[in-house]
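Some notes on the structure that comes next.
Laboratory data are not the source of any read-out in this text; all were calculated from the coordinates shown. None of these values were measured; they are calculated from a predicted model. Quick reminder, even Gly has a Cβ in these numbers, built from the backbone with ideal geometry, and neighbours come from all protein chains shown.
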Amino acid sequence: MKITIIGTGYVGLVTGACLAELGNDVFCLDVDQRKIDMLNEGGIPIHEPGLEEVVARNRAAGRLRFSTDVAASVAHGQLQFIAVGTPPDEDGSADLQYVLAAARNIGRHMDGFKVVVDKSTVPVGTADRVSAAIKEELAARGAQTEFTVVSNPEFLKEGAAVEDFMRPDRIVIGHDSSANGQRARELMKLLYAPFNRNHERSFWMDVRSAEFTKYAANAMLATRISFMNELANLADKVGADIEAVRHGIGSDPRIGHSFLYAGAGYGGSCFPKDVQAIERTARQYGQDLLILSAVEAVNERQKHVLGRKVVARFGEDLAGKRFAVWGLAFKPNTDDMREAPSRVLLQELIARGASVAVYDPVAMPEARRVLELDLGADKLSRIEFKDAPMEALDGAEALVIVTEWKAFRSPDFEQLKARLKQPVVIDGRNLYEPAQMTGLGIEYHGIGRSVLTSK
Ligand code: UDX
């Protein structure tokens, strides 16, 4: 099928590359000339496992093209995917300017029936606004061309996005009941047929329910995390082990094991933004989402948990003290620093006068960029970026772990002890067993694991 993807950010690029991999003829459009040049020269603007190979293979096969040419791109696809960003604006609602600009471009240049697919995460009702914007552009040039808008939210996890796209657990598609809506359904069915061979993974619904499903999924997942973080903080106080509790409750099939990991708070481009956006939508309809307000507040507080643990152990004044930090990205297998808990920790350590040595397997260039914005060049100079995890430890009072990269799971503990000034590990992702650490002579502070923590 002929497909146009508008927006070559994280979602657009993965969607475009994976749809080309299935044999479709894909045209990716972006307004950012530098990004398009980079892609046309074989570069990839983000770190995402497997993506580079899929892009290279499909570019070489001529099935995946990148362009800034709006007219040619819109003319290409029967399906027009809108996959541009929806950043939060000042009041937390999703900023739709890029989505609506994409819709206008489609309206300006389309010359035959198009199915416009909303892939971006957008508030309920956005498909109607997309439709209205396209109609306005068509009317402005006196065109009668038919189209329909469907909602097809993505459920990709950063760091596993190619895998998630290629092996989806569900495909949610919302369309209307008009003849064009039915026509769109047939085309979408054809597009996703490769994933539905063995069993049907598509869920067909009305457009608003599809838009809502995306927010509901992220809100539910964020709720589980904040819930576990709150319990973990209490476990620390009462002397229970949140990891034992996690196994104990997760084995109930009604609860399940996934997404029950206490930690240093959730970050990334989706959960923080989507929780805020759905709260905002609710307020517009005169409803307070009490649970989600608490989910957000707990998460903001949780991003300070590591700073709190450092202060509890080393005091308020950290002047002249040095700390090692492992992991900067908001989660493993990505270089994404958006809303990363490491940013909150580093700000706090630096504000208290400490110096820091950091290591992250892939996020250091991006971290340097955002930390300069957070801290300013002057304070950034108190952070040393190291080439290897062990190098960050030399002379540090303690190691603080923020992101659970695989490479941190089984370090050489003897070397770790020898290089730190004193053997203290503050672990924001519960990577190690407290009993094992005590046995090794390491003072270990996890999240909600105080039952065995040596004090
Ligand atoms: C999420 C959704 O999972 C995905 O379906 C949606 O399309 C986009 O948002 P992503 O933000 O890439 O994906 O990451 P995810 O793996 O879901 O993790 C989000 C955050 O929650 C991370 O900061 C992670 O560290 C944290 N997390 C996750 C926990 O703290 N505990 C958990 O148990 C799981």
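Name the residues whose placed amide hydrogens come within less than 5 Å of the amide hydrogen of Ile401, ignoring near sequence neighbours (fewer than 5 apart) on the same chain.
HN-HN under 5 Å from Ile401: Trp326, Ile426, Asp427, Gly428.
Just going by the charge dipole of the stretch 143-188, with Lys and Arg at +1 and Asp and Glu at -1 on Cβ, which of Ala179, Leu156, Gln144 is farthest out on the positive end?
Selected residue: Ala179.
Which of the listed residues, Val245, Tyr98, Ala396, is farthest toward the dipole's positive end in the chain, when Lys, Arg count +1 and Asp, Glu count -1 at the beta-carbon?
Val245
Determine the relative contact order of the stretch 225-445: mean sequence separation of Cα pairs under 8 Å and six or more apart, normalised by residue count, in whole percent. Walk me through the intermediate numbers first.
On the way: 361 pairs, mean separation 40.2, N = 221.
Result for the stretch 225-445 is 18 percent.
Could you give each residue of the stretch 326-331 its phi-based ³J(HN,Hα) in whole Hz, using Karplus coefficients 6.51, -1.76, 1.60 with θ = phi - 60°, and x for Gly or Pro?
Values, residue by residue: 9, x, 10, 4, 5, 7 Hz.
Taking Cα atoms, how many degrees apart are the long axis of helix 305-314 and the longest axis of the chain, rounded to 10 and kept between 0 and 90?
In the chain, helix 305-314 runs at an angle near 10 degrees to the longest axis.
For Glu384, list long-range residues whose amide hydrogen, built 1.01 Å from N in the peptide plane, is under 5 Å from its own amide hydrogen.
Residues meeting the criterion, in which the H sits 1.01 Å from N, are Val356, Ala357, Val358.
Would you kindly derive the ³J(HN,Hα) couplings of the stretch 26-39 from the backbone phi angles with the Karplus curve 6.51 cos²θ - 1.76 cosθ + 1.60 (θ = phi - 60°), listing them in order in whole Hz, with x for Gly and Pro?
Listing the rounded values in order: 10, 10, 9, 10, 8, 7, 7, 4, 5, 5, 5, 4, 4, 5 Hz.
Is there a quick way to get the dipole size of the chain? I mean about its Cα centre, with the Cβ of Lys and Arg at +1 and of Asp and Glu at -1; what is the value in debye to the nearest 20?
Here the chain has a charge dipole of around 400 debye.
Let me have the relative contact order for the stretch 31-127, percent, based on Cα pairs under 8 Å that are six or more residues apart.
Dividing the mean separation by the residue count of the stretch 31-127 yields 26 percent.
Using only Cα atoms, tell me the angle between helix 126-140 and the longest principal axis of the chain; keep it within 0 to 90° and round to the nearest 10.
Value to nearest ten degrees: 40.
With equal scatterers on the alpha carbons only and no solvent term, can you work out the Debye log10 of I(q)/I(0) for the chain at 0.13, 0.14 1/Å?
So the normalised log intensities are -1.18, -1.30.
Which of Lys237/Lys379; Lys379/Lys417; Lys321/Lys417; Lys157/Lys421 have a Cα-Cα distance over 26 Å?
Distance filter (> 26 Å) returns Lys237/Lys379; Lys379/Lys417; Lys157/Lys421.
Please give the helix 10-21 orientation as an angle from the longest Cα principal axis of the chain, in degrees from 0 to 90, rounded to the nearest 10.
Long axis of 10-21 versus the principal axis of the chain: about 60 degrees.
Rounded to the nearest 0.05, what FRET efficiency do His199 and Glu90 give with R0 = 45 Å and r taken as the Cβ-Cβ distance? Could you check?
Numbers: r = 45 Å, r/R0 = 0.99.
E between His199 and Glu90, to the nearest 0.05, is 0.50.
Could you grab the relative contact order for the chain? Cα pairs under 8 Å, six or more apart, rounded to a whole percent.
12 percent
Between rounded, prolate and oblate, where does the stretch 2-204 land on the alpha carbon gyration tensor, with a ≥ b ≥ c its root eigenvalues, rounded for a/c under 1.5, else prolate if a/b exceeds b/c?
Judged from the Cα gyration tensor, the stretch 2-204 comes out rounded (a/c under 1.5).
Quick one: net charge around Lys189, please, counting Lys, Arg +1 and Asp, Glu -1 for every other residue with C-beta under 15 Å from its C-beta.
Cβ neighbours under 15 Å give a net charge of +3.
Once you sort the root eigenvalues of the Cα gyration tensor of the stretch 131-269 as a ≥ b ≥ c, which label holds: rounded (a/c under 1.5), prolate (a/b larger than b/c) or oblate (the other case)?
prolate
Classify the stretch 225-445 as rounded, prolate or oblate from the Cα gyration tensor: take a ≥ b ≥ c as the square roots of its eigenvalues, call it rounded if a/c is under 1.5, otherwise prolate when a/b beats b/c and oblate if not.
oblate
With +1 on each Lys and Arg Cβ and -1 on each Asp and Glu Cβ, how big is the dipole of the stretch 225-445 about its Cα centre, in debye rounded to the nearest 20? The partial results should precede the final answer.
Working: 28 positive and 32 negative charges, 36 e Å.
Value, rounded to 20: 180 debye.
Which peptide among 248-259, 356-367 comes first, and what is the full order, when sorted by highest mean count of other Cβ atoms within 10 Å?
Numbers: 248-259: 11.1, 356-367: 21.0.
So the order, starting with the most tightly packed, is 356-367, 248-259.
Please list, in chain and number order, the residues 5+ apart from Arg65 or on another chain whose amide H is under 5 Å from its amide H, with Hs placed from the backbone.
Val26, Phe27, Cys28
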